[in-house]
Amino acid sequence: MCKMNEIRIKIPKEIPFPSLKGKIDELIKEGEVKCALFEKCKEEISLTEEELNEPEKAWKETKKKYGL
């Protein structure tokens, strides 16, 4: 699936950690959903590696395939 990076941050004591962690967790989940949707779209459209590198060609073939 999507690759994950790791970060370490120092948080001032005045900032409530639980609410900050909750916001970070929301961002991570949003990123995971976007990545999963992108991967699913690639599978559904069945683009080859070459087509992914040539978006214009892939778009033309997809339009023709679906009669757009």
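What the table below lists for this structure:
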{"read-out": "Selection from segment 1-45 of residues that are surrounded by 10 or more Cβ atoms within 10 Å (Cβ to Cβ) and among the small types (G, A, S)", "value": "G22, G31, A36"}
{"read-out": "Of the criteria (1) within 19 Å of the chain's Cα centre (by Cα); (2) surrounded by 10 or more Cβ atoms within 10 Å (Cβ to Cβ), which one K65 fails", "value": "(1)"}
{"read-out": "Cβ pairs under 8 Å, 6+ apart, first in segment 25-46 and closer than 18 Å to W59 by Cβ and free of Cβ contacts under 8 Å to residues at least 40 places away in the same chain, second among the small types (G, A, S) and surrounded by 12 or more Cβ atoms within 10 Å (Cβ to Cβ)", "value": "I45/A58"}
{"read-out": "Selection from segment 1-24 of residues that are more than 30 Å from A58 (Cα to Cα) and hydrophobic (A, V, I, L, M, F, W, C)", "value": "I7, I9, I11, I15, F17, L20, I24"}
{"read-out": "Helices (runs of 4 or more DSSP H) contained in the chain and holding at least 2 residues in contact with a strand residue (DSSP E or B) (Cβ under 7 Å, 6 or more places away or on another chain), among the hydrophobic types (A, V, I, L, M, F, W, C) and modelled with pLDDT of 80 or more", "value": "none"}
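The values are calculated or read from the model by the stated rules, or taken from the named source; none is laboratory data. None of these values were measured; they are calculated from a predicted model. All Cβ positions, glycine included, derive from the backbone under ideal geometry; neighbour counts span all protein chains shown.
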